[in-house]
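Notes follow once the structure below has been shown.
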Amino acid sequence: MTTGKQQFVTKEQASFTELIDHQESIILDLENLHYYSLNAAATLLWKHLRSGSATTIEALSSQLAAAFDLSFEVAQQDTRQFIAELVREHLLSETEEKVLGRTAFSFPSSTELPAYEPPCVKSSNSVLELNLAGGASTAASGALGGGGT
């Protein structure tokens with residue numbers, strides 16, 4: 001039963017790395033060793049979730065709308081889809097407990113962000129399958145020990 005007090009908390013065993021400032025990142029689920037690549041909007045939302053600065057759909061939607069100059073309705077719809085995907089991947093769970101602030105992240109201004117695309121999570125079972133925009137997969141594989149010459 002939903003009481004309206006639900007907040008979201010990220011999985012503790014999820015390691016986060018930003019590959020390109022405010023534009024791309026990856027999450028490694030240390031429990032099952034799956035990798036997830038995030039686009040700019042997903043990176044922004046994950047950083048808010050992880051830091052505890054925004055842990056509800058409404059707060060996350062407000063942050064997304066402000067950062068990308070979107071209507072609240074569009075931001076809320078895209079945030080709901082993103083949250084559902086994270087829950088489905090077991091990277092996020094709901095709680096009625098107070099979510100405490102954690103790691104501080106720097107958050108970009110709208111001038112530092114690329115053109116808006118809805119938050120996207122791409123799943124991979126290994127580093128070699130990681131498919132990042134802009135050809136970053138080779139660099140990511142090498143940096144993480146999964147690829148080489």
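The values are calculated or read from the model by the stated rules, or taken from the named source; none is laboratory data. What you see is a predicted model; the values in this text were computed from it and never measured. So basically every Cβ, Gly included, is an ideal-geometry build from the backbone, and we count neighbours across all protein chains shown.
Scanning segment 34-72 for residues that are touching a residue at least 24 places away in the same chain (Cβ under 8 Å) and part of a loop (DSSP other than H, G, I, E, B) yields a count of 7.
For segment 44-79, taking the residues that are surrounded by fewer than 23 Cβ atoms within 10 Å (Cβ to Cβ) and among the aromatic types (F, W, Y), the one that is nearest to the chain's Cα centre (by Cα) is identified as F68. Right, L38: over 18 Å from S123 (Cβ atoms), surrounded by 18 or more Cβ atoms within 10 Å (Cβ to Cβ) and within 13 Å of the chain's Cα centre (by Cα) or not? Spelling it out, it is not the case that L38 is over 18 Å from S123 (Cβ atoms), surrounded by 18 or more Cβ atoms within 10 Å (Cβ to Cβ) and within 13 Å of the chain's Cα centre (by Cα).
Residues that are more than 10 Å from T10 (Cα to Cα) and part of a helix (DSSP H, G or I) within segment 78-94 comprise D78, T79, R80, Q81, F82, I83, A84, E85, R88, listed in sequence order. Would you confirm whether any residue within segment 79-91 is modelled with pLDDT under 85 and out of contact with any Leu (no Cβ under 7 Å at 6 or more places or on another chain)? No - not one qualifying residue is present in segment 79-91.
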